[in-house]
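Reading through the structure tokens given below for one structure.
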């Protein structure tokens with residue numbers, strides 16, 4: 001819940017530079033898929049990060065497992081690239097009109113025009129029901145609009161198409177919190193962390209829910 005151009009690459013590089021404590025200097029990026037696949041196994045973290053960017057900007061959904069693997073990279077710098085790279089990969093439909101609608105719906109959502117955004121993402125879903133991110137964006141705006149059960153249903157559709165979508169998995173947890181179903185929320189947050197162990201906010205949610213449930217158990221005895 002919760003790019004193909006040089007600008008997308010620049011955004012990724014800037015984001016990583018802002019969040020990494022000491023980002024390594026970047027070598028020349030891969031010039032082909034063969035080079036990118038080889039660089040994913042390179043001893044140099046910067047080479048691995050460049051490979052992730054190449055795959056995120058030019059790859060397909062079939063390449064997602066390559067980036068999921070890097071979510072457990074020894075370098076936090078590379079792990080951050082892998083997470084952002086997956087979002088890029090998921091958000092690319094391969095259809096210019098669908099991508100245009102996704103951008104419009106996102107703008108509407110960010111402007112607080114939730115009903116307009118729901119209508120736009122519903123159009124995406126009608127045109128491309130196989131595109132998981134269309135369902136995920138609608139799940140997000142439904143959540144923001146307070147339509148929690150509808151959002152939950154859309155998260156289910158996301159996970160049918162992309163079972164390792166950690167944004168949707170953690171989104172299910174957030175919905176269960178809103179519904180005061182804390183045991184289910186904890187289960188889903190733990191599942192999200194199993195898929196992507198770098199989600200600090202999810203770790204915080206888990207600790208808070210564990211404390212809440214333990215306090216309830218003490219009061220019940």
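The values are calculated or read from the model by the stated rules, or taken from the named source; none is laboratory data. Here the structure is a predicted model, which means the values were calculated and not measured. Cβ sites come from the backbone with ideal geometry, for glycine too, and all protein chains shown count toward neighbours.
When segment 86-97 is filtered for residues that are in a helix (DSSP H, G or I) and under 20 Å from residue 159 (Cβ atoms), the ones remaining, listed by number, are 86, 87, 88, 89, 90, 91. With respect to residue 43, determine if the residue is at pLDDT below 95 and over 26 Å from residue 136 (Cβ atoms). Taking the combined requirement at face value, the residue does not satisfy it. Within segment 54-63, identify whether any single residue is in the same structural domain as residue 40 (by TED's automatic domain parsing) and outside any helix (DSSP H, G or I), and answer yes or no. So far as segment 54-63 goes, yes, one or more of its residues are in the same structural domain as residue 40 (by TED's automatic domain parsing) and outside any helix (DSSP H, G or I).
Conditions (1) modelled with pLDDT of 95 or more; (2) buried (at least 23 other Cβ atoms within 10 Å of the Cβ), marked per residue:
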residue	(1), (2)
110	yes, no
143	yes, no
148	yes, no
173	yes, yes
200	yes, no
216	no, no
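Taking every residue in segment 139-150 that is in a loop (DSSP other than H, G, I, E, B) and pairing it with any residue that is surrounded by fewer than 23 Cβ atoms within 10 Å (Cβ to Cβ), at least 6 positions away or on another chain, the pairs with Cβ-Cβ distances below 8 Å are 145/114; 145/115; 145/118. Here segment 177-209 is the region considered, the condition is being in contact with a helix residue (DSSP H, G or I) (Cβ under 9 Å, 6 or more places away or on another chain) and assigned to a loop (DSSP other than H, G, I, E, B), and the residue that is nearest to residue 152 (Cα to Cα) is 179.
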